[in-house]
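The values are calculated or read from the model by the stated rules, or taken from the named source; none is laboratory data. Keep in mind that what you see is a predicted model, and the values were worked out from it rather than measured. Neighbour counts run over all protein chains shown; Cβ positions are idealised from the backbone, glycine included.
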Amino acid sequence: MKTITCYVIDDEFRAISLLSKFIEETPGYELTGSSENPMEALPFILSAPPDLLLVDIHMPQISGLDFSKMVPKQTALVFTTAYAEHAIRAFDLKATDYLLKPFTYERFIEAVTRVWQPAESPVNQYSDDYFFIKVEMKGKLVQVAYEEINYVEAAQNYLTIFLDDTKYLTYLTMKEMEAQFEGRHFMRIHKSYIVNIRKISSVQNSAVILKNRTMLLIGTKYRDEFMKQVSLKTLVSKRG
């Protein structure tokens, strides 16, 4: 496997130290340089473009977003930031991922390995559009169509599946439900909620509003990944 060369830019030395440590501890990745000043780093990046640039967004000399426009196109970008609202612009600039500070080593690994992962298979590879569940009545199975599901809510040892015109209580765990939804248009947004992305009408602060006007809170643990997926589907003008 080819060694992935990495360069780190952040105006905080502590942030550089953490990323440098993560890179050095990761097999197949090599730190070729780092800098607290993006403009001082630019000549080195242009003369020997790294495979991956991890750059902070909020810096005094120049923002990481503007700086990234000077970087060779073959260099993959992962932005770091303390502000989730920067994610939309980050993905508009073709960033592979962004790391919301403070982040863990596990989240770092997820971001840097995504650079060379093949694209996921499209959802429409599935020919089946429904599944069966057991409900309260013993021995009764009901068919549930994916497109009719608004969201799933944890209810102690059970789950409630909310459809367009009814709901079902079934003896399943959130983990089992997530596995059933894998690769489809569903996402965990809270320890108690899995939502059908296609049923979302709007995202407001820390909540999603569904088309049937149901409001669901976004859990802190799930906000980063959820906003990243929203950003991928957000249309933003490229005008200055």
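Tell me whether the stretch 123-135 contains one or more residues that are in contact (Cβ under 8 Å) with a residue 12 or more places away in the chain, within 29 Å of T234 (Cα to Cα) and small (G, A, S). Scanning the stretch 123-135 turns up no residue that is in contact (Cβ under 8 Å) with a residue 12 or more places away in the chain, within 29 Å of T234 (Cα to Cα) and small (G, A, S).
With respect to being surrounded by 11 or more Cβ atoms within 10 Å (Cβ to Cβ) and at pLDDT 95 or above, S192 fits the description. A count restricted to the stretch 7-22 and to residues that are free of Cβ contacts under 8 Å to residues at least 60 places away in the same chain and in a helix (DSSP H, G or I) stands at 7. The residues listed here are D66, D10; of these, the one that is within 22 Å of S231 (Cβ to Cβ), charged (D, E, K, R) and modelled with pLDDT of 95 or more is D10.
Restricting the search to the stretch 23-61, which residues are polar (S, T, N, Q), out of contact with any Ser or Thr (no Cβ under 7 Å at 6 or more places or on another chain) and in contact (Cβ under 8 Å) with a residue 24 or more places away in the chain? Across the stretch 23-61, the qualifying residues are T26, S35, N37, Q61. Scanning the stretch 204-214 for residues being under 11 Å from Y193 (Cβ atoms) and either among the small types (G, A, S) or touching a strand residue (DSSP E or B) at 6+ places or on another chain (Cβ under 6 Å) (or both) gives a total of 3. Scanning the stretch 156-165 for residues that are surrounded by fewer than 18 Cβ atoms within 10 Å (Cβ to Cβ) and either more than 15 Å from K134 (Cα to Cα) or in contact with an Asp or Glu (Cβ under 8 Å, 6 or more places away or on another chain) (or both) turns up Q156, T160, L163, D164, D165. Checking the stretch 32-44 against the condition returns no match, with no residue being assigned by TED's automatic domain parsing to the domain that holds Y105, modelled with pLDDT under 95 and in a strand (DSSP E or B). The numbered conditions (1) closer than 20 Å to V135 by Cβ; (2) touching a Ser or Thr at 6+ places or on another chain (Cβ under 9 Å); (3) surrounded by 11 or more Cβ atoms within 10 Å (Cβ to Cβ) are all true for L172 except (2).
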